[in-house]
Structure formats: structure tokens, C-alpha cells
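Novice: Below is the structure I would like to discuss, written out as C-alpha cells.
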Amino acid sequence: MDKRERTSRAEWQKRIERWNDNGLSAEQFAAELGINAGTLRHWKYFLVKQGRRSAGAKSPMANASVPVEVQPSSFAVSTVLAGIRNRGYSVKFTGENRA
């Protein structure tokens, strides 16, 4: 039985980057490499999925604080806060209440 050498994750990452850069279909690019197009698609899916999963941990803005001053307006503050929470951010209030 002929055993193939296992391709490293780093090599798959390079292949996917080259595929994204050249504009070929999965079938065309896989044929050039002599691999199955389904395997190529699987690795693209796998690497993208892992990148999304680890993106939050590596984000430079993950623990950043941005001062915001809220002014009275006709726009409901609760609506703004709901939108912020839906995007995965937390809100901390400091200072005095001038209402």
C-alpha cells in the first residue's frame, strides 16, 4: 500500500492563500496540485472557521477602553446599549449621574 506524506497545516494555509490569490476554481487549482477539489474546499472551510474562533482572543481591541460621553437626545440610550451588547461589547458606566 502506498502511503502519502501528511501535508502540514502551514502548507495547507499557503495553498489556500495561493488559491485565493489566483482566481481559479477549486477544480482547476486542485488539478494543478494533483489533489481532490473537495479536500481543498474542506481545508479552506476548516482554516476560516478556526480563524474566526481564535480572532477574538488575538484582537488588539479585545480589552480596549474607549471613553464615551452620552448626551441627552431623542434617541433612546437603551436602544444604543442593546446594539452594543449584540456586537459582543461590554459597557461600563463611570462618573456622576447628571440626569
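The values are calculated or read from the model by the stated rules, or taken from the named source; none is laboratory data. Bear in mind the structure is a predicted one, so any value in this text is a computation, not a measurement. Glycine also receives a Cβ, built like all others from the backbone with ideal geometry; neighbour counts cover every protein chain displayed.
Novice: Which is within 20 Å of the chain's Cα centre (by Cα) and free of Cβ contacts under 8 Å to residues at least 60 places away in the same chain, of 9, 4?
Specialist: Result of the check over 9, 4: 9.
Novice: Residues in the range 30-42: is at least one surrounded by 10 or more Cβ atoms within 10 Å (Cβ to Cβ), in a helix (DSSP H, G or I) and modelled with pLDDT under 90?
Specialist: no
Novice: Mind checking whether some residue in the range 1-16 is among the small types (Gly, Ala, Ser), modelled with pLDDT of 60 or more and surrounded by 10 or more Cβ atoms within 10 Å (Cβ to Cβ)? It would help to see each step written out before you state the result.
Specialist: First, pick out the residues of the range 1-16 that are among the small types (Gly, Ala, Ser): 8, 10.
Restricting the remaining residues to those that are modelled with pLDDT of 60 or more gives 8, 10.
Narrowing further to those that are surrounded by 10 or more Cβ atoms within 10 Å (Cβ to Cβ): none.
Among the residues of the range 1-16, not one is among the small types (Gly, Ala, Ser), modelled with pLDDT of 60 or more and surrounded by 10 or more Cβ atoms within 10 Å (Cβ to Cβ), which makes the answer no.
Novice: Could you please give the count of residues in the range 21-30 that are touching a helix residue (DSSP H, G or I) at 6+ places or on another chain (Cβ under 8 Å) and either within 21 Å of residue 4 (Cα to Cα) or not small (Gly, Ala, Ser) (or both)?
Specialist: Adding up the residues that qualify gives 5.
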